[in-house]
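Report on one structure; see the data block that follows.
A short reminder: the numbers here are calculations on the coordinates, not readings from a lab. Keep in mind the model is a prediction, meaning the values are calculated, not measured. All Cβ positions, glycine included, derive from the backbone under ideal geometry; neighbour counts span all protein chains shown.
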Amino acid sequence: MILNTSSSQWLVIRDTITAVDSGGSNDPVATVTDRLAAKMTDASDVLLKALDVSSVNAVELRASFDTNARTATINIFTSREGETSVKHVASVALVAGTQTNADGRFYAATATVTSYWAPERIGSSDAESGTGIAQILFDKLGYERVWVVVSGLSGGNITIEGSGY
């Protein structure tokens with residue numbers, strides 16, 4: 001028997017974000033009542049593109065920065081199709097490393113996860129076995145859309161990519 005696992009290529013979810021998304025009239029990180037799918041996609045001060053992960057079982061995220069002297073905190077949210085609220089998956093503290101991508105951006109080498117997800121269903125791989133790239137990986141537990149909110153940034157900009165299998 002041959003098993004085929006569907007997979008997704010790396011897609012940019014957030015590109016060169018220079019300011020935090022939380023705060024203002026919508027703060028899903030700190031305010032539970034702001035954790036609505038409508039506020040994640042079309043609020044005046046937060047316009048986030050959801051990564052459609054309906055065809056995969058697990059989601060991978062990685063980040064890159066404009067220089068290797070940057071840090072950021074991101075929050076991951078998810079929802080099922082048709083649900084009005086979103087679930088807070090994790091808060092992740094990222095630290096840029098020295099490994100660069102094809103565009104000369106510096107990958108995050110450290111990802112410290114504070115999980116709000118089911119136990120044993122999320123984790124990170126710091127420096128990805130010596131490649132200098134940290135990745136956050138979680139079982140999506142049947143959820144279909146993922147948003148990444150930047151809640152802390154030490155300056156410069158951050159890009160978030162997502163994939164899955």
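Descriptive notes on the structure:
- Residue of R145, R14, R121 that the Gaussian network model of the chain assigns the largest fluctuation, springs spanning Cα pairs under 10 Å: R121
- Calculated from the structure at hand, Kirkwood radius over Cα pairs in Å is found among (i) 17.9; (ii) 15.9; (iii) 16.4 as (ii).
- Assigned charges on the beta-carbon of Lys, Arg, Asp, Glu; region 13-109 dipole about Cα centre (debye): 220
- Computed from label points 7 Å out along Cα-Cβ, the spacing between N101 and T67 is 2.0 nm.
- Highest-MSF residue in the chain out of V86, V12, V32 [GNM, Cα springs under 10 Å]: V32
- The charge dipole of the chain, taken about its Cα centre with unit charges on the Cβ atoms of Lys, Arg (+1), Asp and Glu (-1) only, comes to about 100 debye.
- Listed residues T110, S154, T98: farthest to the positive end of the dipole of region 96-165 (Cβ charges): S154
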